[in-house]
């Protein structure tokens, strides 16, 4: 009887582990959402230097800090203050544009600003280089 329970337990563990996507081990949805919200909060508060340091080394190689800061100031000034931000979805990928294959978590939000009533904000997290993820890209549409 004991062997039967043990086999059943091992089968259950195997089925559960097969049902969990491999990428889920990177970062849970709530962790990805929380990290992305923290990054967006820095942008909302005009903390452009801090948000720059959250960016991946690859992003920093493509865009210098002064250009990043100017771009964020222009966007925030033209869109106006944030009115609302609602979590939309999270997805996991092994590829991302202009990036080596790796582990990427794409987090999207529906956002509304004073001068832009509907937008989609996308934060791409690069989790390829260890347990801490950095921001690979920020896109607002």
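The values are calculated or read from the model by the stated rules, or taken from the named source; none is laboratory data. Worth saying up front: this structure is predicted, and the values here are computed from it rather than measured. Methodologically, a virtual Cβ is constructed for each residue, glycine included, from the backbone with ideal geometry; neighbour enumeration extends over all protein chains shown.
A few comments on the model shown:
- Of the residues making up segment 52-77, those that are in contact (Cβ under 8 Å) with a residue 60 or more places away in the chain, buried (at least 18 other Cβ atoms within 10 Å of the Cβ) and part of a helix (DSSP H, G or I) number 3.
- Residue within segment 78-89 that is in contact with a strand residue (DSSP E or B) (Cβ under 6 Å, 6 or more places away or on another chain), touching a residue at least 60 places away in the same chain (Cβ under 8 Å) and either exposed (fewer than 13 other Cβ atoms within 10 Å of the Cβ) or more than 22 Å from residue 116 (Cβ to Cβ) (or both) present: no
- All conditions in (1) exposed (fewer than 12 other Cβ atoms within 10 Å of the Cβ); (2) within 11 Å of the chain's Cα centre (by Cα); (3) in a loop (DSSP other than H, G, I, E, B) hold for residue 30, with the sole exception of (3).
- Among the conditions (1) within 17 Å of residue 59 (Cα to Cα); (2) modelled with pLDDT of 95 or more, residue 99 misses just one, which is (2).
- Checked against the criterion of being surrounded by 14 or more Cβ atoms within 10 Å (Cβ to Cβ), touching a strand residue (DSSP E or B) at 6+ places or on another chain (Cβ under 6 Å) and in contact (Cβ under 8 Å) with a residue 60 or more places away in the chain, segment 97-106 has at least one qualifying residue.
Results for (1) over 30 Å from residue 80 (Cα atoms); (2) more than 14 Å from the chain's Cα centre (by Cα), shown as yes or no for each residue.
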{"position": "100", "(1), (2)": "yes, yes"}
{"position": "103", "(1), (2)": "yes, no"}
{"position": "107", "(1), (2)": "no, no"}
{"position": "112", "(1), (2)": "no, yes"}
{"position": "115", "(1), (2)": "no, yes"}
{"position": "119", "(1), (2)": "no, yes"}
{"position": "123", "(1), (2)": "no, no"}
{"position": "137", "(1), (2)": "no, no"}
{"position": "141", "(1), (2)": "no, yes"}
